[in-house]
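See below for the structure under consideration.
The values are calculated or read from the model by the stated rules, or taken from the named source; none is laboratory data. Note that the structure is predicted; figures quoted are calculated from it, not measured. Reconstructed Cβ throughout: ideal geometry from the backbone, glycine too, with neighbour counts over all protein chains shown.
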Amino acid sequence: MQLQKFTIDDQFEGERLDLFLSRTGFWPSRSFIQKIINAGGVRKQEKVLRSSYRLEPFDQIEVSWDDPEPLAVVPESIPLEILYEDSDLIVINKPRGMVVHPAAGNYHGTLVNALLEHCKDLSGIGGVIRPGIVHRLDKDTSGVLVVAKNDLAHLDLAAQIKARSTKRIYKTIVHGYPTEDGRIEAPIGRHPVERKKMAVVPTGRYAATNYRILEYLGNSSARYSYLEVRLESGRTHQIRVHLSYLGFPVVGDGVYGWKKEPAPIMGQALHAAMLGFIHPRTKEYLEFTTEIPEVMQNVLEWCRRIK
């Protein structure tokens, strides 16, 4: 059992409990905090508090939670392209088609299964299913991803992502011709009707995406663009949702884009090309880059051949 105590200063008066706790940096995400609160792990003088509790000056808050369960996911011998590794973290070039962590219907062949075979010593903060996982890439999004080997690294990297101090650049192919480089700032939240999808909604969380045109492709009747995208935030499906909202859906994205995709690709043409962050222990800035996968390169060549 772990225990953490807080005394509330005047500056936090009126703030929601879950928001305050998520900003302390002791836990990797707001969803992790929600699990602790829902389990009755946050108290004020023995009174169990809800997520919506509004803080008052001089509140004495105690947070208790169980240590992560022993990992139950089966290690599997799956080849990994390792870009960097030390005793604190491992940086992977994740291939297209690989799920990051096990979920319903997907308990084998994931990045976590492969990492457990390779590392033996991942951070337990993510729990049984997501050991060491600080951030995710969608199944069909390839590219650079960092995984924590211990809790120190996990908490530090999660705090960097929350503070938006990491550098994340993607490359993608989209339908249409943006007239110029640009930036979109639009809140993203759960789709009001289709609950498995995300959408730009007024009640969503802050999200900002920058994009730069690398190349116009195709012709006047079949327009495609090759873009470089830089994230300022990290919402679920952010790039796909924002670009679709602007009218430039990602090629191959059957969820937010064209239902019948003419380009020769299954799954979105999206690649995490670069990731930069401060090493949790050495405080050295590290940056890793990878080239787009062959399937995306093939789509680029296909678009260039359109007359």
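Quick one: what pairs do we get from segment 1-19, first residue in the same structural domain as Leu49 (by TED's automatic domain parsing) and without any contact (Cβ under 8 Å) to a residue 40 or more places away in the chain, second among the β-branched types (Val, Ile, Thr) and surrounded by 11 or more Cβ atoms within 10 Å (Cβ to Cβ), C-beta under 8 Å, 6+ apart or different chains?
Asp18/Ile33; Asp18/Ile37
Part of a strand (DSSP E or B) and either in contact (Cβ under 8 Å) with a residue 24 or more places away in the chain or touching a strand residue (DSSP E or B) at 6+ places or on another chain (Cβ under 6 Å) (or both), is that true of Leu286?
Here the answer is yes, as Leu286 does meet what is asked.
Name the one entry in Pro57, Pro102, Pro70 that is modelled with pLDDT under 80 and either closer than 19 Å to Met1 by Cα or exposed (fewer than 15 other Cβ atoms within 10 Å of the Cβ) (or both).
It is Pro70.
Check segment 27-45 and report whether any residue there is closer than 17 Å to Phe58 by Cβ, outside any loop (DSSP other than H, G, I, E, B) and in contact (Cβ under 8 Å) with a residue 24 or more places away in the chain.
Scanning segment 27-45 turns up at least one residue that is closer than 17 Å to Phe58 by Cβ, outside any loop (DSSP other than H, G, I, E, B) and in contact (Cβ under 8 Å) with a residue 24 or more places away in the chain.
Among the listed residues Gly257, Gly218, identify the single one that is part of a strand (DSSP E or B), outside the structural domain of Ile92 (by TED's automatic domain parsing) and surrounded by 17 or more Cβ atoms within 10 Å (Cβ to Cβ).
Just one listed residue meets the conditions, Gly218.
Check off (1) in contact (Cβ under 8 Å) with a residue 40 or more places away in the chain; (2) part of a helix (DSSP H, G or I); (3) among the hydroxyl-bearing types (Ser, Thr, Tyr) for Ser64 and give me the number that stays unchecked.
(2) is the only condition that Ser64 fails.
On the given criteria, is Ala199 over 27 Å from Lys307 (Cβ atoms), surrounded by fewer than 21 Cβ atoms within 10 Å (Cβ to Cβ) and touching a helix residue (DSSP H, G or I) at 6+ places or on another chain (Cβ under 9 Å)?
In short, yes.
Restricting to segment 178-215, name every residue that is in contact (Cβ under 8 Å) with a residue 40 or more places away in the chain and assigned to a loop (DSSP other than H, G, I, E, B).
The answer is Pro178, Ala186, Lys197.
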